[in-house]
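Shown next, in structure tokens, is the structure this report addresses.
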Amino acid sequence: MPLTKIQTEMAGTGSVLQVVNYAAMPNASTTSTSFVTSGFSISITPKFASSKILVIVSGGGGYASVTGVSLWSTIYRNNSVNLGDASYGLERYYGASSSVLAPHSMTVLDSPATTASTTYTCYFRSSGGLVDFSYNDRGVISITAMEIAG
């Protein structure tokens with residue numbers, strides 16, 4: 001049942017209004033030095049334009065297979081707004097030895113200022129060699145979007 005404005009005001013600023021979660025084991029690799037989509041995303045429809053959306057990505061495994069190669073990951077809103085740094089995103093894996101494999105850990109608090117359906121998608125890029133955002137032998141990646149009363 002949707003919350004009314006009165007229920008939201010009673011819950012107070014900072015209260016969680018809704019939670020959406022998706023988990024999968026997508027395969028996504030690139031050698032691109034520009035951010036490309038991983039295809040891993042979640043959509044949420046905020047109840048109020050004043051709400052914040054907390055997005056959390058965890059698990060799976062980013063992989064840089066070559067010494068000296070970096071993998072940068074970030075989260076885009078509606079495939080157009082990078083919520084991390086324009087060049088370095090929200091996380092980095094660096095192949096300091098022959099390779100590195102590590103679970104994802106990205107969190108961002110967004111203010112989309114809309115009540116329209118909003119999609120959050122993981123993007124990633126390489127410093128030049130082959131990198132994997134994920135692969136089906138690395139476990140499940142989870143993405144959670146929480147609407148927080150503003």
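The values are calculated or read from the model by the stated rules, or taken from the named source; none is laboratory data. This one's a predicted model, so the numbers in the text were calculated from it and none came from an experiment. Note: ideal-geometry Cβ built from the backbone for every residue, glycine included; neighbour counts use all protein chains shown. Just the protein is used for accessible areas: all its heavy atoms, side chains included, with ligands, DNA and RNA removed. Shrake-Rupley method; radii C 1.70, N 1.55, O 1.52, S 1.80 Å.
Charges on Cβ only, +1 for Lys and Arg, -1 for Asp and Glu, centred on the Cα centroid of the chain; of Val57, Ser73, Ile42, which one is farthest towards the dipole's positive end? Comparing the listed Cα positions along the dipole, Ile42 ranks first. Placing +1 on each Lys and Arg Cβ and -1 on each Asp and Glu Cβ, with no other charges, gives the chain a dipole about its Cα centre of roughly 140 debye. Entry comment: accessible area of region 80-125 is 49 Å² per residue, from protein heavy atoms only and a probe of 1.4 Å. Near the amide H of Ser29, within less than 5 Å, lie the amide hydrogens of Phe133, all on another chain or at least 5 residues away, with H placed in the peptide plane. Using the alpha carbons alone, the radius of gyration of region 13-113 stands to its Kirkwood radius in an Rg to Rh ratio of 1.00.
Residue by residue through region 136-146, what is 3J(HN,Hα) from phi via Karplus (6.51 cos²θ - 1.76 cosθ + 1.60, θ = phi - 60°)? Round to whole Hz and write x for glycine and proline. For region 136-146, the Karplus-derived couplings read 5, 9, 10, x, 7, 9, 10, 10, 10, 10, 10 Hz, x marking Gly and Pro. Helical runs (DSSP H, four residues minimum) scored at -39500 (n - 2.57) apiece and divided by the length of the chain put the mean residue ellipticity at 222 nm at -1000 deg cm²/dmol. Packing here is the average count of other Cβ atoms within 10 Å per residue, and on that basis the peptides 74-80, 36-42, 130-136, highest first, run 130-136, 36-42, 74-80.
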